[in-house]
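Peer 1: Quick one: the structure is below, and I'll ask about it shortly.
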Amino acid sequence: MLESILNKDIELLIYLNNLGTIQWDSFWMFVTNKFSAIPLYVLLLFFTYKTLGLKKTIAVVLCIAILIAVSDQTSQLFKYGFKRLRPCHNAEIKGLIRLVKESCGGKYSYFSAHAANSMAIAIFFGKLLKSKFKLIAPLLLIWALLVGYSRIYIGVHFPLDVLTGFLFGILYASIFYYLVKLLFKKIKS
């Protein structure tokens, strides 16, 4: 059964990846670049500060830093535990996919830290700011989905890598949102 799932995952990657065209490559490379989200992060911090004040914003920054570190480390544990080659390192399918980046990246792919981190940020800030900014949760969710898809588009992750990353992102965001709410109870405004 696992082999069947992995084969479907490969088929879906090849299909989705080959939908790409040169005209869209620069857009997806921008989406997948972790530095392109810096203005979004600054905006989220500004909204957090305006909504919660300085002390609580500092608590949020600390929680987010730990959240991303935990997410990244979990991804690394899985990558070296499962040792599933990235599509662009897999000799069996390498010629069937479009590698949009100049280099393939790390050797292993399962699961995508990009997907986990973007979803974690989307869920965490979506929950944190939804009372003040009604559209923030759906907009952040769309952003996270785009980041996840970009990893498939550029040829460095399988769909299952991205889906698993999303699930870990949701899990960790929920845990850290709960923890930051506990911290808020100890912080005097």
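Peer 1: Filter the range 64-99 down to the residues that are not basic (Lys, Arg) and not in a helix (DSSP H, G or I), then identify the one that is surrounded by the most Cβ atoms within 10 Å (Cβ to Cβ).
Peer 2: The qualifying residue surrounded by the most Cβ atoms within 10 Å (Cβ to Cβ) is ILE97.
Peer 1: Checking the structure you have, find out if any residue of the range 146-167 is without any contact (Cβ under 8 Å) to a residue 60 or more places away in the chain, hydrophobic (A, V, I, L, M, F, W, C) and under 17 Å from ALA69 (Cα atoms).
Peer 2: yes
Peer 1: Scan VAL162, VAL156 and give me the residue that is buried (at least 24 other Cβ atoms within 10 Å of the Cβ), in contact with a Lys or Arg (Cβ under 7 Å, 6 or more places away or on another chain) and part of a loop (DSSP other than H, G, I, E, B).
Peer 2: Going through VAL162, VAL156 in turn, the sole match is VAL156.
Peer 1: Only one residue in LYS107, LYS132 is farther than 20 Å from ASN33 by Cβ, touching a residue at least 60 places away in the same chain (Cβ under 8 Å) and surrounded by fewer than 17 Cβ atoms within 10 Å (Cβ to Cβ). Which one?
Peer 2: Among LYS107, LYS132, only LYS132 is farther than 20 Å from ASN33 by Cβ, touching a residue at least 60 places away in the same chain (Cβ under 8 Å) and surrounded by fewer than 17 Cβ atoms within 10 Å (Cβ to Cβ).
Peer 1: When you check TYR177 against the structure, is it assigned to a helix (DSSP H, G or I), surrounded by fewer than 24 Cβ atoms within 10 Å (Cβ to Cβ) and either among the small types (Gly, Ala, Ser) or on the phi < 0 side of the Ramachandran plot (or both), yes or no?
Peer 2: yes
Peer 1: Restricting to the range 10-46, and then to whatever is of a type outside the set (A, V, I, L, M, F, W, C), crowded, with 16+ Cβ neighbours inside 10 Å and assigned to a helix (DSSP H, G or I), can you tell me which residue is nearest to the chain's Cα centre (by Cα)?
Peer 2: My answer is THR32.
Peer 1: Could we say that ALA173 is under 23 Å from PHE35 (Cα atoms) and touching a residue at least 24 places away in the same chain (Cβ under 8 Å) here?
Peer 2: yes
Throughout, read-outs are computed from the coordinates displayed, never taken from laboratory work. If you're wondering where the values come from, they're calculated on a predicted model, not measured in any experiment. Heads up, the Cβs are rebuilt from the backbone with ideal geometry, glycines too, and the neighbour counts pull from every protein chain shown.
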